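Asker: Quick one: the structure is below, and I'll ask about it shortly.
The values are calculated or read from the model by the stated rules, or taken from the named source; none is laboratory data. Everything numeric here is computed off the predicted structure, so don't read it as measured data. No Cβ is skipped: glycine too gets one built from the backbone with ideal geometry, and neighbour counts run over all protein chains shown.
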Amino acid sequence: MNGLATDPLTTTLRERFALEGFLPGQRRVIEALLAGRPAAAVFPTGGGKSLCYQLPALLLEGVTLVVSPLIALMKDQIDALQRKGIDARRIDSSLSAEELFETMGLVRNGKIRLLYVAPERFNNERFRQAILGIKVALFAVDEAHCISEWGHNFRPDYLKLARFAERCGAERRLALTATATPKVLGDICRALGIAEADAVRTGFYRANLFLRAGAVPRRKKTAELLRRLQERPAGPAIVYVTLQKTAMRVAEALAEAGLPARPYHAGLDKETRSETQEWFLASDQAIVVATIAFGMGIDKPNIRYIYHINLPKSLENLSQEIGRAGRDGQTAICELLASREDLAALENFARGDTPDKEAVQALLDELFCGEQILDVAYYELAQLCDIRPLVVRTLLTYLELDGWLEGGTPRYAAYKLKALKSSAEIFEIVGAERAAFLRVVFRCARKGRTWLTLDADEAARASGSARERVIRAIDWMGERGWFEIKAEKVRHRYRVLRAPAEGAERDTLASELYARALTREQADLARIEEVVGLIEADACQVSRLGEHFGETLAQPCGHCGYCETGQAVELPARKHKPLDESVFAEAQALREAKKALRRPRAFARFLAGIGSPGLTRSRLTRNALFGALRDVSFEELLLRATG
């Protein structure tokens, strides 16, 4: 018998996954993990990242915890694993209370080897407490580029995942991503303690993907897309757009022309999105017109076409999205119908996340008000300071990283309980001591028509117990089916380590945070320009894309748009409209009457049609002047607003 046949990794691969061999990079990553070392897998979309934790999960003692923001990926992978006889479960916002309690019970009893978890679940106090009592053999972080502050999709919560992996005693850590530049990969490795030798990057280049780009004016894009779809052989296709309304409009136009097309975006209800996804997976001709909400985790190997009717917001997004095509190895066409007219919407997304310096100062005044322990809700702070909730979280993360604050365990301020068993029955079952404790807890609950509302802190004070005991009791009763439980009003606890003094020190800190936000804005705007640069490259476009991710092709690809024609694409220059002085004067009069418009950037955002918590709260997004000057350059609007 040859050595290959007796190799335990190959044996497991064949017997449990019905695969004959490893894809590039997989064995190196798996061997590092089995040796007890943390590792990173930077593989292209469809490159087999999931096997890097699925196979070790069968060989390691303990649970493998997979953190992923992609609910579709969780569902598809779990279904596939269960068909192979591998018990895997997920925890995300789509689960009912009963499903959640059943899953956690199985985890605690060692019945599950793989547990998929959405990142926001780590804001759940009960979940964090439950995981601390479980042996975590492997802590795998999918979409790990979100860890990097300067990556294309930074998420503040991801920085805290490394901290929790250490706190829960995870024996190994694994980072997985398809889109890490060398700089971003360095950030990931520093956060998770991964040695350079165990950060495995495989080439993103796939010879079966044909990358094309052409200059198409905005008004002609739908017609051009329709022509391509009708002229080419039918096959599964994804058409990416920027805005939800564009997805609806284009899908309707394609359907009216007799093509099997449906829209998909986050504004549709869950049932419609799920039905559209299942329809797409089952069809050999389906066309989905979608925002970036579609495609993540979709396991469909025969996607023949990826069209971008609007420009992607970065080369990372482009790489991810075209990587969903042609996983069966057959030819797939990935085409961008490009126009500089698309840039305004993308730039507005970037600018909308940049707060005013005055808003940052307001946030600091709220945080450093003299209290040592802060109990905050991101949404409330966002409304109060006119900063988007995600940006509030980012600024708080900066303050943590710079030593001003220390984040505590997020917790829920209230729990809602619906009794499925009478209190008399419960007291009889639990015994006298526990019954006495639960009587005090129940007396603290406010009664509604169907639900009880319980403040856990109040119950802890009344019973003379630790808050954790109250939480464990709620969890315990829920697991037994005595109550249906909903957690509400998540609060985030911070401890002030040092406070900037009012005046110069606080103003300096506000300036630094504002400058950091501006730097992020400029980085996001630069990423948009990198997409334009790729389209207009006077060279092999695939080679240029590879260079962005640290890969050098030995020779031009031979089949991208440039290699086929030898000519670079030239996108017509943008045409900004001149500022309409009469509209601006009317808006100035409104500004004098509305406090929310006094700050220059807030006023410029209003004129450009960029929403914010403050504008929404003041109902100014419904005003006829909101977005009235959206075709004027933002720089000019900001300059005039400042003057």
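Asker: For I194, indicate whether it is within 25 Å of the chain's Cα centre (by Cα), modelled with pLDDT of 95 or more and either outside the structural domain of V67 (by TED's automatic domain parsing) or of a type in the set (V, I, T) (or both).
Answerer: Spelling it out, I194 is indeed within 25 Å of the chain's Cα centre (by Cα), modelled with pLDDT of 95 or more and either outside the structural domain of V67 (by TED's automatic domain parsing) or of a type in the set (V, I, T) (or both).
Asker: Take the residues of segment 387-427 that are in a helix (DSSP H, G or I) and polar (S, T, N, Q): which is farthest from R520 (Cα to Cα)?
Answerer: S423
Asker: State the number of residues belonging to segment 1-48 that are loosely packed, with under 11 Cβ neighbours inside 10 Å, outside any helix (DSSP H, G or I) and at pLDDT below 90.
Answerer: Summing the residues that are loosely packed, with under 11 Cβ neighbours inside 10 Å, outside any helix (DSSP H, G or I) and at pLDDT below 90 in segment 1-48 gives 4.
Listed here are the residues, each with its yes/no results for (1) surrounded by fewer than 20 Cβ atoms within 10 Å (Cβ to Cβ); (2) touching a residue at least 40 places away in the same chain (Cβ under 8 Å).
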position: L70; (1), (2): yes, yes
position: A88; (1), (2): no, no
position: G105; (1), (2): yes, yes
position: L114; (1), (2): no, yes
position: K135; (1), (2): yes, yes
position: L138; (1), (2): no, yes
position: D142; (1), (2): no, yes
position: H145; (1), (2): no, yes
position: F154; (1), (2): no, yes
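Asker: Another one. Of all residues in segment 591-607 being in contact (Cβ under 8 Å) with a residue 12 or more places away in the chain and of a type in the set (A, V, I, L, M), which is nearest to K357 (Cα to Cα)?
Answerer: A602
Asker: Among the helices (runs of 4 or more DSSP H) lying completely within segment 503-617, list those that include at least 1 residues that are aromatic (F, W, Y) and over 26 Å from the mean Cα position of the chain (by Cα).
Answerer: Where helices (runs of 4 or more DSSP H) fall fully within segment 503-617 and carry at least 1 residues being aromatic (F, W, Y) and over 26 Å from the mean Cα position of the chain (by Cα), they are 561-565, 581-593, 600-608.
Asker: Within segment 247-279, take every residue that is of a type in the set (V, I, T) and at pLDDT below 95 and give me the one that is farthest from I528 (Cα to Cα). Let's see the steps before the verdict.
Answerer: Of the residues in segment 247-279, the ones of a type in the set (V, I, T) are 250, 272, 276.
Within this subset, residues satisfying the condition of being at pLDDT below 95 are 272, 276.
Values: T272: 31, T276: 29 Å.
Among residues in segment 247-279 that are of a type in the set (V, I, T) and at pLDDT below 95, the one farthest from I528 (Cα to Cα) is T272.
Asker: Okay, moving on. Just to be sure I understand, how many residues within segment 473-497 are in contact with an Asp or Glu (Cβ under 9 Å, 6 or more places away or on another chain), of a type outside the set (D, E, K, R) and over 30 Å from G403 (Cβ atoms)?
Answerer: 5
Asker: I'm checking my understanding of the structure. Among residues of segment 366-386 that are assigned to a helix (DSSP H, G or I) and touching a residue at least 24 places away in the same chain (Cβ under 8 Å), which one is surrounded by the fewest Cβ atoms within 10 Å (Cβ to Cβ)? If you could, list the steps in order and put the result at the bottom.
Answerer: Here is the first cut: in segment 366-386, the residues assigned to a helix (DSSP H, G or I) are 366-367, 378-385.
Retained after the next criterion (residues that are touching a residue at least 24 places away in the same chain (Cβ under 8 Å)): 367, 378, 382-383, 385.
On the way: L367: 21, Y378: 20, A382: 24, Q383: 16, C385: 24.
Among residues in segment 366-386 that are assigned to a helix (DSSP H, G or I) and touching a residue at least 24 places away in the same chain (Cβ under 8 Å), the one surrounded by the fewest Cβ atoms within 10 Å (Cβ to Cβ) is Q383.
Asker: If K357 satisfies every condition in (1) in contact with a helix residue (DSSP H, G or I) (Cβ under 6 Å, 6 or more places away or on another chain); (2) modelled with pLDDT under 90 but one, which is the exception?
Answerer: With (1) in contact with a helix residue (DSSP H, G or I) (Cβ under 6 Å, 6 or more places away or on another chain); (2) modelled with pLDDT under 90 applied to K357, the lone miss is (2).
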